[in-house]
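K.L.:
The structure under discussion is supplied below as structure tokens; questions concerning it will follow.
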Amino acid sequence: MKPTLSGVSMDELEFCIKSMSYPLGMPIENLRRERGRVATISRDRVVVPEAPLVAQCYLTALLVFASLDVVDRKRLSDDYRRFEEFKVKILGSELGNAVGKYLREPWKYIRVEASTAIDWLEFERREEKIRPHLKRLMELREKTSDRSEFLTKADFLRELSVDDALLLSYLSDEAGLRELVNAALGKHNPEFRNAVKAYFKALRG
């Protein structure tokens, strides 16, 4: 079984990927986690190198992306750029020395053995569930005069699961609300807040 964040049915690897691209995190849901020399993915397992979480996250995201067909890669090209920006940020931080070899030459540690697909019907089903929350947030943004008022009135976000919160954060990016939504989730949703804390603790090693 995969290790999980405290009280949450996903591990830090899935959380990391979904925090930047929810769709790219979907193919590793419920897969067995194993350690190996290179990152690979199959029907029932994902193998990642024995490396810091930062490297595992980046390598696995690239692996999933490279395993997709050309249509999905084009569809998720903006998501791919988020991971490249993530790489640049990490290389410029204190963690850069520890993970540099993985991030600078990732294809030494990735092997695409089989194609991977994103279940877009399932994504749309989950999206339909979350869209009303996003619509409500967009309306709230128009009606509130400042950030503080917005955050105070976004208390309805406390009802969301961590997975729903990650999807809402992802969807809110297109509306230019991601930073505000993440702040509101951190303020009102204890489960999400605790998951973020556990994730950053794992990220720092």
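K.L.:
Restricting attention to region 31-138, which GluC sites (Glu not before Pro) occupy a DSSP loop and are surrounded by at most 14 other Cβ atoms within 10 Å?
P.N.:
Passing both the DSSP loop test and the Cβ count: E50, E94, E113.
K.L.:
Taking the convex hull of the Cα atoms, report for region 146-205 its projected area averaged over all directions, in nm².
P.N.:
Taking the Cα atoms of region 146-205, their convex hull projects to 4.2 nm² on average.
K.L.:
Over the chain, what is the mean sequence separation of C-alpha contacts under 8 Å (at least six apart), divided by residue count, expressed as relative contact order in percent?
P.N.:
Computed over the chain, the figure is 24 percent.
K.L.:
So for the chain, taking the charge dipole from beta-carbon charges (+1 Lys/Arg, -1 Asp/Glu), which of S93, V162, L137 sits furthest toward the positive end?
P.N.:
S93
K.L.:
On to the next question. Percent of accessible area on region 46-193 owned by carbon and sulfur, 1.4 Å probe?
P.N.:
That share works out to 49 percent.
K.L.:
How do R33, R204, R81 rank by accessible surface area computed with a 1.4 Å probe, from largest to smallest?
P.N.:
R204, R81, R33
K.L.:
Hey, another quick one. For A39, enumerate residues with amide H under 5 Å from its amide H, sequence gap 5+ or separate chain, H modeled in the peptide plane.
P.N.:
I110, R111
K.L.:
Using alpha carbon centroids, what distance separates region 20-95 and region 121-168, in Å?
P.N.:
Rounded to whole Å, the Cα centres lie 26 Å apart.
K.L.:
So how do S161, S169 rank on accessible area, 1.4 Å probe, biggest first, that is with the largest at the start?
P.N.:
Putting S161, S169 in descending order of accessible area: S161, S169.
K.L.:
Same structure again: Quick one: P(r) of region 61-131 from all Cα-Cα pairs, 5 Å bins, percents rounded to integers, in order of increasing distance.
P.N.:
Computed distribution, short to long bins: 3, 14, 18, 19, 19, 12, 9, 5, 0.
K.L.:
Using the heavy atoms of the protein chains and a 1.4 angstrom probe, tell me the accessible area per residue for the chain in square angstrom.
P.N.:
52
K.L.:
Can you give the accessible area of R136, probe radius 1.4 Å, in Å² rounded to 10?
P.N.:
Looks like 130 Å² after rounding.
K.L.:
So how long is each side of region 1-112 along the principal axes, counting just the alpha-carbon atoms, biggest first, in Å?
P.N.:
34, 32, 26
K.L.:
Rounded to the nearest 500 deg cm²/dmol, what is the calculated helix-only ellipticity per residue at 222 nm for the chain, with -39500 (n - 2.57) per DSSP H run of length n ≥ 4?
P.N.:
Only helices count here, giving -19000 deg cm²/dmol.
K.L.:
So I have (i) 15.9, 47; (ii) 19.6, 61; (iii) 17.2, 53, and one of them is Rg and Dmax of the Cα atoms in Å calculated from this model. Which one is it?
P.N.:
Only one option fits the structure, namely (iii).
K.L.:
How many lysine pairs does the chain hold where the Cα atoms are under 13 Å apart and the two sit 8 or more places apart or on different chains?
P.N.:
Qualifying lysine pairs in the chain: 5.
The values are calculated or read from the model by the stated rules, or taken from the named source; none is laboratory data. Computed from a prediction, not measured in an experiment: that's the story for all the values here. Reconstructed Cβ throughout: ideal geometry from the backbone, glycine too, with neighbour counts over all protein chains shown. Heavy atoms of the whole protein, side chains included, go into the accessibility calculation; ligands, DNA and RNA do not. Shrake-Rupley method; radii C 1.70, N 1.55, O 1.52, S 1.80 Å.
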